[in-house]
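Only one structure is covered here, and it is reproduced in the block below.
Read the figures in this text as sums done on the coordinates, not as results from a lab. Predicted, not measured: the structure shown is a model, and the values here were computed from it. Here Cβ is always computed from backbone atoms with ideal geometry, including for glycine, and neighbour counts include all displayed protein chains.
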Amino acid sequence: MSEYKNAVDAFAAWDVDTEAALARLKSIPISMHCWQGDDVVGFEKKSGSSGGGIQATGNHPGRARTPDELRADLEFSYSMIPGNHRLNLHAMYLDSDETPDRDAIEYKHFETWVEWAKTQNIGLDFNPTFFAHAKADDNLTLSHPDQSIRDFWIEHGKRSRDIAAQIGREMGSACVNNIWVPDGYKDTPVDRLAARKRLEASLDAMTEPSHDKAHLLDAVESKLFGIGVEACTVGSHEFYLGYAIRKQMLLCLDMGHFHPTENIADKLSAVSLSLDRILLHVSRPMRWDSDHVILLNDDILAVAQELVSADMLERTSIGLDFFDATISRTAAWVIGTRNMQKALLRALLQPLKQLKKAEAGLDFTSRLMITEEMKDLPYGAVWSEFCNRMDVPNGLQLIRDLDAYQASVTERGM
C-alpha cells in the first residue's frame with residue numbers, strides 16, 4: 001500500500017487522479033479471441049481444407065482439442081486478468097454433435113457458449129468463418145466469380161449475423177459480428193473492379209436483413225495482403241472504409257493488417273470523424289501480419305493514448321487478434337490482454353489537460369518535456385494496486401501460476 005500511496009502522490013503532483021484512472025480501467029472490456037487457444041483449428045465435425053491465409057506456427061504442448069478444454073483454458077486465463085471482459089468467438093467453434101455445413105449453422109450450435117459465458121460474467125462477440133473450407137480454397141468467397149459459391153458464403157454470413165443477434169439478445173449486450181474474408185489473388189489480376197463489385201453486392205445481400213443494434217453491431221475488416229493473395233486483396237482498407245461509411249457499420253482496424261510503418265493510432269481519430277463506432281484488433285506484426293503476442297511497446301501505447309486523448313473509449317470495441325503455438329497458449333492470452341490494459345492505464349494516467357494546453361498554445365517544448373518526464377513515474381505501482389484490488393496475481397506469482405497451469409495441460413498431446 002505504501003508503494004501505491006507514493007504513486008498517488010507522484011501522479012497528483014501532475015494533477016492526475018490515480019483512483020479515477022483505476023475506476024475507468026475497470027470498466028473497459030477487452031474481447032479476447034478464442035482462436036489463440038487451439039491454433040485456429042475450430043470444432044467442426046466436417047473436414048476442413050486449407051487455411052485460407054490463416055497459419056499458426058509451432059507445436060507447444062497443451063492445445064485445446066474440445067470446447068470443454070478450450071473453456072477450461074479460458075476460465076483460467078480470465079482468472080489471471082483483472083476486470084470483466086469478453087470472448088470473441090468464430091463460427092468454426094460450434095459446440096454440437098450435429099455436423100452442419102457453414103451455410104446451415106444455427107444459434108443452437110453455440111448455445112453452450114452462451115450459457116457458459118453467463119456463468120463467467122463475460123460478454124460475447126462473433127465472426128463468420130470464411131476460411132479453412134473447400135469452398136474457400138481459391139482464396140475467393142464473397143467475390144468468387146461462381147454465383148453458387150458466393151451464395152453459399154452469403155448464406156453463411158446471414159446465419160452468422162442471426163446467431164450474433166441472438167447472442168446479443170440473450171446476453172443483454174450488443175454482439176459485435178466482424179466480417180473478414182480472405183479474398184484476393186496471388187498474381188496481378190486484370191479486373192480488380194469486377195471482384196470488388198461482386199464483394200460489395202455480396203455484402204449488401206448478406207447484411208440486408210435488419211437487426212436491432214442493441215443486439216448486433218456489424219463490422220468489416222480490411223487487410224493489406226495475405227498468404228496466397230499477395231498481389232491483390234479485394235477487401236482493402238479503402239474498400240472497407242468507404243463501405244463502412246456508406247452503411248454506417250463498424251470499421252475494424254487490425255494492427256497487423258497494414259504496412260509495418262503505418263501508424264494505426266493516427267487512423268483512429270481520422271476515421272472517427274465519419275463513423276460512430278470502431279472495432280480495434282490489437283496485434284503485433286513483427287514482419288507485417290505475423291500476429292505475435294502484443295507487448296507493452298510504443299505501438300500499443302500510442303493506440304491507447306489516442307483512444308483516451310480523442311475520447312474514443314466509449315466508441316471503440318477493443319479486441320485481440322494474435323495466435324502463437326510456440327508458447328503456452330494460456331500465457332499468450334494473459335500476457336497480451338494484460339499488456340493492453342497496462343497501455344490503457346498509462347494513457348489514463350497522462351496529464352491531458354496540461355498536454356493539450358501546451359499543444360494548443362504551440363508550446364511544443366513543454367509538450368515534449370511533459371511526455372518525457374511522465375515516463376519516469378511509477379506506473380507499475382498503480383498496476384499492482386489494480387491487480388490486488390481485482391484479486392489477481394502479479395509479478396513472480398503470476399509466472400508461477402501460468403507455469404503451473406501449463407504443466408497441468410501438457411499431457412493433452414496434439
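Of all DSSP-defined beta bridges confined to the chain, some 10% are antiparallel rather than parallel. Between SER269 and LYS247, what FRET efficiency comes out of the Förster formula 1/(1 + (r/R0)^6) with R0 = 30 Å and r the beta carbon distance, rounded to 0.05? The computed FRET efficiency comes out at 0.90. Restricting to region 229-371, compute how many DSSP beta bridges are antiparallel as a %, nearest 5. Given both bridge residues lie in region 229-371, the antiparallel proportion sits at roughly 10 percent. Return the subset of LYS108/LYS158; LYS158/LYS267; LYS213/LYS247; LYS197/LYS247 for which the Cα-Cα distance in this structure is over 18 Å, preserving the input order. Where the Cα-Cα span goes over 18 Å, the pairs concerned are LYS158/LYS267. Computed from Cα atoms, the angle from the helix 2-12 axis to the main principal axis of the chain rounds to 90 degrees.
From most to least packed by mean Cβ count within 10 Å, the peptides 152-159, 109-116 give 152-159, 109-116. Remark: SER79, SER27 ranked as SER27, SER79, counting other beta-carbon atoms within 10 Å and listing the fewest first. In the frame of its principal axes, region 29-348 has Cα extents of 48, 45, 41 Å, reported largest first.
Principal-axis analysis of the Cα atoms of the chain puts helix 147-171 at an angle of about 40° to the longest axis. The loop-placed GluC sites (Glu not before Pro) in region 173-282, going by DSSP, that have at most 16 neighbouring Cβ atoms within 10 Å of their Cβ come out as GLU230, GLU262.
Neighbours of ALA136 by Cβ distance under 11 Å: Lys/Arg scored +1, Asp/Glu scored -1, total -1.
Here the mean projected area of the convex hull built on the C-alpha positions of region 116-229 is 7.8 nm². Put in order of Cβ neighbour count within 10 Å, fewest first, the listed residues SER272, SER77 become SER272, SER77. Here region 342-399 and region 1-32 have alpha carbon centers that stand 8 Å from each other.
Note: relative contact order over the chain, using C-alpha pairs below 8 Å and six or more positions apart, is 21 percent.
Compute the acute angle (0 to 90°) between the alpha-carbon long axis of helix 364-374 and the principal axis of greatest extent of the alpha-carbon atoms of the chain; round to the nearest 10°. On a 0 to 90 degree scale, this one is about 90. Sorting the segments 56-67, 126-137 by their mean number of nearby beta carbons within 10 angstrom, highest to lowest, gives 126-137, 56-67.
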